[in-house]
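For reference, the structure is listed below as structure tokens.
The values are calculated or read from the model by the stated rules, or taken from the named source; none is laboratory data. Fair warning: this is a prediction, and the values are worked out from it, not measured in the lab. Every residue, glycine as well, gets a Cβ built from its backbone with ideal geometry; the counts of neighbours run over all protein chains shown.
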Amino acid sequence: VIVENAANLRAGYERLENVKVVQTRVQHIRDTRASLEELEGPIREATTAFGLIRDRLPIEERIRLTRRLELLAGIIQRSEKDFATHPRQVQNLISAENTVKAILGEIDQAWQGYARAQTAGYWDLLGIVRRLPDLAPQSAALHQALVAMDPPSQAAPRGDARLRAFDDGLGRIRDRARAFSALPTPVLTFLTLVAQEQASLAHLTPEVLAWLDEHDYLSSFDVRFAGLV
Amino acid sequence: VAPAALGALERLLPLLIENRVPGRSSLPTPTEWRQELQAIKRRSPTAWQEVTDRLWQRVEPAALHKTLRASLNLARGGPRSPEQSGVFLDAATALDELEAFQADGWQLTGFDAKTDGWTVTWAQLADAWRILARFVPSGNAEAAGRLLEERGRLDRVMGTSDEETVVGAIGETLQTMSRYQKPNQVAGAGRLEIKQIAEARRRLRAVCSAAGRGDVVLSATLAVSKPTIDEVSATVAELTTFADFVSNELDAVEAELARIGVDDASERTEAELTGTAYRRILGAFPSAAPALTGEGRS
């Protein structure tokens, strides 16, 4: 009895130990899958966003973000390889999660730079034309179109709809800006320099002066000594 | 029976039988033992002195029985005739008859047919029986009962296994428990030795055998000093405790295994699901990073 029970007990201990090892391994695998499931959303977000805006970015930015995504894919590939021998990949996947979060931030930044560059010229134009009273309705329309656009801090589009909305907004801005296309280039240059407080009397050419006089804007300008506060 | 021999026998038997039975409260001290034996030897013929010396040594039940028979036969006394010595007992017959005598409730009836060739008188024989019977320890039944119980326990625990197998199983089990860091209160079983268990078994077998043969043989068997009844009990208790522990622990382990109810396929399924998740995630990359170069893997 003692011999048989002792043998059964030893076998039971071993089975229990094996079961616990298997349980631990199963739990480790589940932990890994939970981490992967948490990671999947941000990765799809990043790859989709980058896919949408990639062609609009400067080449250097495009290469840099591509490499960042390759780095992320490399982390996950290594984790997949290690998974065969080390079922708990949570730590490696946390590293991937941190990387994808950083990449998402970089994609958003790249997008914001792009978006800002797309609208910056129109904001400058608005800064000039809004000082011209007889162009007030057009200025207001441009302003409305610019404000309706995503603010520069907005994240990169994660889907086609937002990208289309951005492009539509940009189209509206372009349409509204066309109202100012009749302005002669020297006049536009002069007004731009005035807006930047960099205009001098030399910029006030006869052509510009004539245009201002024609549109009754002469009283809108002061002349001051340069360098005086 | 010669008075000197009877006197020696009368003093020797209690020392041989009663004082070797563990649990008696009136054990003589070693000094008293020596003094008593010296006194017996001084009063005894040379032959009895030799017997005393031999009996003083540790003896097995069979040896003790044999010695008792020899000691009774020695009373015939060398070249002298039984008539000259006044003593003649066929010890083997005497002990056998003593058992039968006791079984009959110490009734003298029934001896007539068995006296052929005997040179002892009824009175002498009756005296001898009386002396021997007087020293049959009253605690025999109790001690034998206890040992019979111990034998039952030992048989239940050991089953048909030999000592070596049992000791091996204990050692392996303790090692396994240690390897898996299982707490236990049976480490003492690890000190059990093959010889110790074997001696306990032999002792118990001898007592059980003697128990069917009457009180004198049983007394002689119980009188063997090693291993003592307490030592035998301790050995059996150690084995029983270990066996009970193993049995309870086995129940607990089996219950634990049943509670956990592990599905062997679960690990494979989980691994497959996780592998799919990896592939799904990596599949999300090509649209954004079509050329996964080695740079990302450095």
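See the values below:
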| read-out | value |
| --- | --- |
| Residue in the stretch A:68-83 that is surrounded by the fewest Cβ atoms within 10 Å (Cβ to Cβ), counting only those that are facing chain B (nearest Cβ under 9 Å) and without any contact (Cβ under 8 Å) to a residue 12 or more places away in the chain | A:Gln77 |
| Residue within the stretch A:169-182 that is over 30 Å from A:Trp111 (Cα atoms) and modelled with pLDDT under 85 present | yes |
| Any hit, the stretch A:52-60, residues being more than 9 Å from chain B (Cβ to nearest Cβ), assigned to a loop (DSSP other than H, G, I, E, B) and in contact with a helix residue (DSSP H, G or I) (Cβ under 7 Å, 6 or more places away or on another chain) | yes |
| A:Ala46 vs. criteria within 12 Å of another protein chain (Cβ to nearest Cβ), assigned to a helix (DSSP H, G or I) and in contact with a Leu (Cβ under 6 Å, 6 or more places away or on another chain) | yes |
| Search result, residues across the stretch A:190-211 that are farther than 21 Å from A:Ala140 by Cα and assigned to a helix (DSSP H, G or I) | A:Phe190, A:Leu193, A:Leu201, A:Ala202, A:His203, A:Pro206, A:Glu207, A:Val208, A:Leu209, A:Ala210, A:Trp211 |
| Enumeration of residues in the stretch A:212-229 that are small (Gly, Ala, Ser), closer than 17 Å to A:Leu132 by Cβ and in a loop (DSSP other than H, G, I, E, B) | none |
| Output for the stretch A:27-67, where each listed residue is β-branched (Val, Ile, Thr) and touching a residue at least 60 places away in the same chain (Cβ under 8 Å) | A:Thr32, A:Thr48, A:Ile53 |
| Check on A:Arg88, surrounded by 13 or more Cβ atoms within 10 Å (Cβ to Cβ), within 14 Å of chain B (Cβ to nearest Cβ) and part of a loop (DSSP other than H, G, I, E, B) | yes |
| In the stretch A:146-200, the residues that are among the basic types (Lys, Arg) and surrounded by 14 or more Cβ atoms within 10 Å (Cβ to Cβ) | A:Arg158, A:Arg162, A:Arg172, A:Arg176 |
| Candidate set: the stretch A:31-43, residues that are facing chain B (nearest Cβ under 10 Å) and charged (D, E, K, R); chosen: the one nearest to A:Arg164 (Cα to Cα) | A:Glu40 |
| Looking only at the stretch A:41-66, and only at residues there that are loosely packed, with under 15 Cβ neighbours inside 10 Å and not small (Gly, Ala, Ser), the one that is nearest to A:Ile94 (Cα to Cα) | A:Arg64 |
| Near pairs, Cβ below 8 angstrom, 6+ apart or cross-chain, from the stretch B:250-279 (closer than 23 Å to A:Ala11 by Cβ and more than 7 Å from every other protein chain (Cβ to nearest Cβ)) to any residue that is β-branched (Val, Ile, Thr) and assigned to a helix (DSSP H, G or I) | B:Asp264/A:Val22 |
| Residues of the stretch A:8-30 classified as more than 7 Å from chain B (Cβ to nearest Cβ) and either surrounded by fewer than 16 Cβ atoms within 10 Å (Cβ to Cβ) or under 32 Å from the mean Cα position of the chain (by Cα) (or both), total | 7 |
| Residue match in the stretch A:120-136 (condition: within 30 Å of B:Leu282 (Cα to Cα), under 16 Å from the mean Cα position of the chain (by Cα) and surrounded by fewer than 21 Cβ atoms within 10 Å (Cβ to Cβ)) | no |
